[in-house]
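Below: one structure, written as structure tokens.
None of the figures in this text is laboratory data; all of them are computed from the coordinates on show. Small disclaimer: the values here were computed from a predicted structure and weren't measured. In this analysis, Cβ positions are derived from the backbone assuming ideal geometry, glycine residues included, and neighbour counts consider all displayed protein chains.
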Amino acid sequence: MDRLVDKTAILLTCVLLVVVTCGTSPMGVVALLAVIIASACHELLRVRHGLASDAALAVVAVLFSASPLALCALPLVAYDLARSRWRWAPLICLAGPVAWVSARGVDVLSAVATIAACALAALLSLRTTHALALERRLHSLEDDLSDKVIALREKNRELEDARDYETRAATLAERTRIAREIHDNVGHLLTRLVLQVEALKVMHEGEARTIADLDDVERGIDEALGSMRSSVHALADAAVDLPTKLNQLARDSGIASVGVHCDLESDVPADVSRCIVAVVREALTNATRHARAARASVRLTECPGIWQVLVRNDGAMPTLSPMTSDDALLRQLSERGMGISSLEDRVEGLGGTMRVSCDGTSFTLFASIPREER
């Protein structure tokens, strides 16, 4: 748009020069039309054929310099050549007017006006070129800043997620600790009370009333012990939060980059959660210990009727024959004592299936567990 405005202003200046210097001669009009066509062609060709288009314009400038009546069209040429790759090209536009001034019988005022118009056109072209370069640089800086802002927001989101996971993990760890202390301390005390009541029943054998009272006490302690155990189990089950636990496993795996994605819309039963955690832990441990993986990914998906967990890692792959099937690979890894066999038994105990595969660049462990009422 800036170039169009500049060229419009220069074109009006050239028209004024045609009127002043050429009068009724058609040579100035023809030269001006020729330069307009040459300038348009230059705009179309300069991106792919910059040197050739600049050279063509320089030739046009030299040819028009030979005719004093055609010099009025040179400011438009000067504007285009001022942004060429040849730094000395604008001087060609001034060579014609200078030669014209040197000739006899030339209107000096018209020559000075033409030279000034060429110089102003060249300066205007250089100013616009500089302004456009600054504008491109500004756009580039804005793009870089936008990318950095997006990256910063993403990093901030990751930090917030990590903080949420850490808070959730601390809460779950506290629940686990409380459940353990209740089980170890209160459970031990209640069990000891049961033994003491049994001992008192032996000591007061034959005393029916005392034995009846001790039976009531024992039943109360048994009920308290059962209630305590139920509460401890419920608290322990509530302490299993799959997304948090899987992120903890990824963080502590020793692998440089582990991506965790959990697509869950409902709560996962405690036994299934423990199985999934065991599968992911074993897969990441094997990826670290045997494959020395640099990257891994964990994906837990809730599908209609099943839960699916997929763990993939890179690194050193198992040495296999080209025709090894997935079942054969599973048997080979089970024989190597990589914990695969116990995982398979655990998954199958919940009615699920487990598969492993290797394509030479990545190792994949996949397990699916049916969603049943438990």
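Coupling constants for segment 189-201 follow from the phi torsions by the Karplus curve (6.51 cos²θ - 1.76 cosθ + 1.60, θ = phi - 60°), and in residue order they are 5, 5, 5, 5, 5, 4, 5, 5, 4, 4, 5, 5, 5 Hz; glycine and proline get x. Taking a sphere under 13 Å around the Cβ of Asp314 and counting the other residues whose Cβ falls inside, with K and R at +1 and D and E at -1, yields a net charge of +2.
Couplings 3J(HN,Hα) for segment 278-293, derived from phi with the Karplus relation 6.51 cos²θ - 1.76 cosθ + 1.60 (θ = phi - 60°), are 5, 5, 5, 4, 5, 5, 5, 5, 5, 5, 6, 6, 9, 8, 6, 6 Hz, where x marks Gly and Pro.
Extension gain, His139-Glu158: 0.36 nm per intervening residue step, less the Cα-Cα distance, totals 4.0 nm.
In the neighborhood of Ile221, defined by Cβ-to-Cβ distances under 14 Å, what is the net charge if each Lys or Arg adds +1 and each Asp or Glu adds -1?
-3
Other residues lying with their Cβ under 15 Å from the Cβ of Cys303 contribute a combined charge of -2, Lys and Arg counting +1, Asp and Glu -1. Between Val149 and Ser357, the contour length at 0.36 nm per residue exceeds the alpha carbon distance by 70.9 nm. Using every pair of separate Cα atoms, the Kirkwood estimate puts the hydrodynamic radius of segment 164-238 at 14.2 angstrom. By the rule of a C-alpha distance below 26 Å, with chain neighbours fewer than 8 residues away ignored, the lysines paired with Lys245 are Lys155. Rounded to the nearest 0.05, the FRET efficiency derived from the C-beta distance between Leu189 and Asp271 at R0 = 22 Å is 0.15.
Percent of C-alpha pairs per 10 Å bin in segment 184-278, short distances first: 14, 28, 18, 15, 13, 9, 3, 0.
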